[in-house]
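A short worksheet on the structure shown next.
The values are calculated or read from the model by the stated rules, or taken from the named source; none is laboratory data. None of the values given here were measured: they were computed from a predicted structure. Here the Cβ positions follow ideal geometry from the backbone for every residue, glycine too, while neighbour counts run over all protein chains shown. Heavy atoms of the whole protein, side chains included, go into the accessibility calculation; ligands, DNA and RNA do not. Shrake-Rupley method; radii C 1.70, N 1.55, O 1.52, S 1.80 Å.
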Amino acid sequence: MKTRFYTGIVFCAIFGFLLIQCQDMSNETETLAKPELYQERHRPQFHFSPKEKWMNDPNGMVYYQGEYHLFYQYYPDSSVWGPMHWGHAISRDLVHWEHLPIALYPDSSGYIFSGSAVVDWNNSSGFGTPEEPPLIAIFTYHDVKGEKAGTNTFQDQAIAYSIDNGRTWTKYDGNPVIPNPGIRDFRDPKVIWDPESEQWIMVFAAGNQVKIYGSQNLKKWRHLSDFGEEYGSHAGVWECPDLFPLWLEEEQKHHWVLLLSINPGGPNGGSATQYFVGDFDGRQFVLDERFRTAVEKSKTGAEQAVWLDYGRDNYAGVTWADVPKEDGRRIFIGWMSNWDYAKVVPTETWRSAMTCPRSLTLRPTIAGPRLVQNWVDELKTLERVSSEIPPTKVSNTFDLIDQGPDEAVQSHVELKMKILSEDVSSFGITLFSAAGDSYILGYSIADGHFFSDRRKAGDHSFSDEFASEKHVGPHLLAGDTMNFDILIDRSSIELLADNGSLALTELFFPTSDFNRVTFFSHGGEVEVSGSLKKVASIW
């Protein structure tokens, strides 16, 4: 009996040891198989992206008590679009982000579609106190059952409030605050306080135009006016408007800017954002006469638009509310993707990122006032290694960055180019990977436009529309000098050219990370100078 007893003990010990070893091997395999968070393939390192799962439009962007709030369209159960929630993150410097719990969940009234948020400083809503003003979120309820039933009233405007700095939210029991009168696309409210007319102003998309409403308390709204039916591009659905004033220094006055996203119908296909410049009197938005010719139908009946970004991957962008007056900036961020392929890009743990924040200003041009974009100054806090490029004459290629095969380019590149030869046909930069991928960003003198070519930049098997042709944008300034202000991350590039008058934002998915950048000049000589700055990861 003892022999069998001791034999059993030995057998159990051996079996337990083997079981533990197997579990350890299994855990080790799982650890090795699961990539480190925020180090996944193609994961951007200094652009905001969700911790996991699906993300699209930025929502509810508001600044309060030292925190920039970024809400966003979010589906926590899949990396493909589904029932929309409002995800939530905060930042104190616009570059480092802290993920917070989901702010708004779908309920019996529908999904939580895009919208905005404001600080109700005077407690006009009654949800807080004058000493502790509430944050008010304004969003669209999307009733998917009503949509499937074929009704035109499945989208309404609703509000929620927070009295704890945006950490928890209560939906207003009197929702909807603006019921749908029978318009199929009736969504994406953006609210601001207008001190001139002393009222809250809401603008939202409604069919082929935007509607403007006014309110004293954020709960009861009255229709003021409509805009847009006869202007701009209507090649797709209008979405995500934003209406705000900008000071034009040269004219010593405020103009008003209306951002308006459209899907499809962008200048290079798919979704994009157009804008309008005019004046607002507390009731109507009226186009500046100098801007009108750029956005009204031509004599042939063709629609015309002025675009915020000529790349394929900057959509549904809006600006932060309640940025302090002493700061004075109008700060913008957009969703860095395109509905043509957003659901199928080759990422799995997470899907989508935001652009880097940009400061918007108005500048005069021969065609009238136009938007100018610049990176926010806070981005400089991420710059670690800087090197200067002295004036260098290039008639073929010139190495800018070469980091070896195992380190990705993660850089802020500022270049000034001067054309020295009449024979120059094009110039720009090329990104290379150790796997043989290449991406080209440049300017064609012959065609008079900037171009982005990602046809050889890696994987584009997921969509025939991702890299079928070059994407182009117009050159807006005269003269023989030009500047590029470029952000390069692991799966994206953002160009601001012509002193910020032109923006071009593009994704790419190289087989291995781009690790080398060269400057090229075709046909003649170009003088290039500038700076190269390595950008640190925000994670």
The ratio Rg/Rh over the Cα atoms of the stretch 264-309, Rh being the Kirkwood inverse mean 1/r radius, stands at 1.03
For the stretch 399-526, just run the numbers: alpha carbon Rg, then divide by 2.2 N^0.38 Å, N being how many residues it has. 1.03
Expected sort for 505-517, 71-83, 476-488 on mean C-beta neighbours within 10 Å, highest first, is 505-517, 71-83, 476-488
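By the gyration tensor of its Cα atoms, with a ≥ b ≥ c the square roots of the eigenvalues, what is the shape of the stretch 339-484: rounded for a/c under 1.5, prolate for a/b over b/c, or oblate?
Values: a/c = 1.33, a/b = 1.22, b/c = 1.09.
Because its axes are fairly even, with a/c under 1.5, the stretch 339-484 counts as rounded.
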Can you tell me the accessible area per residue over the stretch 238-309, all protein chains present, probe 1.4 angstrom, in square angstrom? 39 Å²
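Dipole of the stretch 132-291, Cα-centred, from +1 at each Lys and Arg C-beta and -1 at each Asp and Glu C-beta, to the nearest 20 debye? Walk me through the intermediate numbers first.
Working: 14 positive and 23 negative charges, 157 e Å.
I would put it at about 760 debye.
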Once you have a ≥ b ≥ c as the square roots of the Cα gyration tensor eigenvalues for the stretch 89-130, tell me rounded if a/c is under 1.5, and otherwise prolate or oblate according to whether a/b is larger than b/c. oblate
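With 28 Å as the limit, write out which pairs from Lys418/Lys470; Lys219/Lys325; Lys325/Lys380; Lys190/Lys470 have Cα-Cα distances beyond it, or answer none.
On the way: Lys418/Lys470 24 Å; Lys219/Lys325 26 Å; Lys325/Lys380 22 Å; Lys190/Lys470 34 Å.
Violating the 28 Å Cα-Cα cut-off are Lys190/Lys470.
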Treating only the Cβ atoms of Lys and Arg (+1) and Asp and Glu (-1) as charged, compute the dipole magnitude of the stretch 309-435 about its Cα centre; round to the nearest 20 debye. 540 debye
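If you keep only loop residues by DSSP, which trypsin sites (Lys or Arg not before Pro) in the stretch 425-458 have at most 16 other Cβ atoms within 10 Å of their Cβ?
Arg455, Lys456
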Given a 1.4 angstrom probe, I'd like the percentage of the accessible area of the chain that is carbon and sulfur, rounded to a whole number. 50 percent
Peptides 45-53, 404-412 ordered by average Cβ neighbours within 10 Å, highest first: 45-53, 404-412
About the Cα centre of the stretch 176-257, what is the dipole size in debye to 20, counting +1 per Lys and Arg Cβ and -1 per Asp and Glu Cβ, all else neutral? 580 debye
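With an 8 Å cut-off on Cα pairs and a minimum separation of 6 or more residues, tell me the relative contact order of the stretch 407-539 in percent.
Details: 306 pairs, mean separation 54.9, N = 133.
Normalised by residue count, the contact order of the stretch 407-539 is 41 percent.
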For Lys51, give me every one of the lysines with a C-alpha distance below 22 angstrom, ignoring sequence neighbours fewer than eight places off in its own chain. Lys34, Lys343
Checking the a/c ratio against 1.5 first, then a/b against b/c, what shape does the Cα gyration tensor give for the chain? oblate
Starting from the Cα of Lys171, draw a straight line to each of the aspartates and glutamates and keep only those under 13 Å, dropping any in the same chain fewer than 8 residues away. Asp107
Identify all aspartates and glutamates with a Cα-Cα distance to Lys393 below 20 Å; exclude those on the same chain that are fewer than 8 residues away in sequence. Asp402, Glu414, Glu422, Asp423, Asp480, Asp485, Glu525, Glu527
